[in-house]
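A.B. asks: Have a look at this one before I ask anything.
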Amino acid sequence: MLREIYDYRELLKTNVKKDIRGRYKASVLGVLWSFINPLLQVLVYAIVFPYLMKGAADHYVVYLVTGIIPWTFFQTVVNQSTTCIKSNSGIIKKVYFPRIILPLSAFFSGLINFFISCVIIVFFCLIFGMGISWHLVFVPLIAVTEGLFGLALGTIFGAIDAYIQDTEYIVNFILMMAMYGAPIIYEKSIFPEGSRISAMIELNPMTHIMDGYRDVFMNHQIPNLRAIGIVFLGSFILFLIAVAIFNRLQKGFAEQF
């Protein structure tokens, strides 16, 4: 598989460029929507949630930005990987190429788009007086770990979606619910330490990802590398399982459309 991916690396590169350029091709504001969408979400939560939560975090707007933008990256990778087979059904029926390139393209384009969106996080850190530090060097490590987790899930869902096309709607619902299962718009401290819900939040891999981003951007400290490493290892194992499932199911992709 790795040899095939290498042989078709130009196709992978072309797909990534197409995803990045085509995302907002027909819109007037174009790539600016990469900044506008998360900013609008931040605006809504920043207005509503401080009134719902007692003792909202200091610099709550920065807290939101460092949660919503990484979550948008994760959500995008999962969603695009889930729908990549169906949305490329025409070329799948006509031309042979390693089908795994399709979810990989979603991963790489999402990663590049996320790094561009990190400009927003840095901007908010500077505007709200939090500054930036050398700890930003850990952002790629955290981002690749998060993206790999999203890719693993999306690859499994994408293979299933080719056969059961309701999958993408179920995934959208799961992602909507999963957003509240990690400290993206709320602090972990609002739940009593040692409580069942606190324990469940700690078991969520995205909790450690979000903590990592906030350690880097807000706290100016080295993230918990042990926790990030465990999430990376778990995501890598899940990706290997995803590839096995994908390879098993890809033989019938062309017949499904």
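The values are calculated or read from the model by the stated rules, or taken from the named source; none is laboratory data. Because the structure is predicted, anything quoted here is derived from the model rather than measured. Using ideal geometry, Cβ is built from the backbone for each residue, glycine included, and neighbour counts are taken over all protein chains shown. These accessible areas exclude ligands, DNA and RNA; they are computed on the full protein's heavy atoms, side chains included. Shrake-Rupley method; radii C 1.70, N 1.55, O 1.52, S 1.80 Å.
A.B. asks: Once phi is turned into ³J(HN,Hα) by the Karplus curve 6.51 cos²θ - 1.76 cosθ + 1.60 with θ = phi - 60°, what whole-Hz value does each residue of the stretch 9-19 show in order, with x for glycine and proline?
C.D. replies: 4, 5, 5, 4, 4, 5, 5, 4, 4, 5, 4
A.B. asks: How far, in nm, would the chain grow between Ile116 and Lys188 when pulled straight, counting 0.36 nm per residue and subtracting the alpha carbon separation?
C.D. replies: Residue separation times 0.36 nm, minus the Cα-Cα distance, leaves 23.1 nm.
A.B. asks: Which of the peptides 113-124, 207-218, 192-203 is most tightly packed, and how do the rest follow, judged by the mean count of other Cβ atoms within 10 Å per residue?
C.D. replies: Top of the packing list down: 207-218, 113-124, 192-203.
A.B. asks: Working with all protein chains in place, sort Tyr169, Tyr60 by solvent-accessible area computed with a 1.4 Å probe, largest first.
C.D. replies: Tyr169, Tyr60
A.B. asks: For Phe191, Phe232, write out the residues from largest to smallest accessible area, computed with a 1.4 angstrom probe and no ligands counted.
C.D. replies: From most accessible down to least: Phe232, Phe191.
A.B. asks: Let me ask you something else. Mean separation of Cα pairs under 8 Å and 6+ residues apart, divided by the residue count of the chain: what relative contact order is that in percent?
C.D. replies: In percent, rounded to a whole number, it is 27.
A.B. asks: Taking N as the number of residues in the chain, what value does Rg over Cα atoms divided by 2.2 N^0.38 Å take?
C.D. replies: Ratio of Rg to 2.2 N^0.38 Å for the chain: 1.05.
A.B. asks: Largest first, what is the accessible-area ranking of Glu4, Glu255 with a 1.4 Å probe?
C.D. replies: Putting Glu4, Glu255 in descending order of accessible area: Glu255, Glu4.
A.B. asks: Per residue of the stretch 113-120, what does 6.51 cos²θ - 1.76 cosθ + 1.60 with θ = phi - 60° give for ³J(HN,Hα)? Whole Hz please, x for Gly and Pro, Karplus curve as stated.
C.D. replies: 4, 5, 4, 5, 5, 4, 4, 4
A.B. asks: What nm distance separates the two modelled labels at Ile5 and Phe128, each placed 7 Å from Cα along Cα→Cβ?
C.D. replies: So the label points at Ile5 and Phe128 sit 3.6 nm apart.
A.B. asks: Whole-Hz ³J(HN,Hα) for each residue in the stretch 194-204, computed from phi via Karplus 6.51 cos²θ - 1.76 cosθ + 1.60 with θ = phi - 60°, x for glycine and proline: what do you get?
C.D. replies: Once θ is set to phi - 60°, the couplings for the stretch 194-204 become x, 6, 5, 5, 5, 5, 5, 5, 5, 6, 6 Hz.
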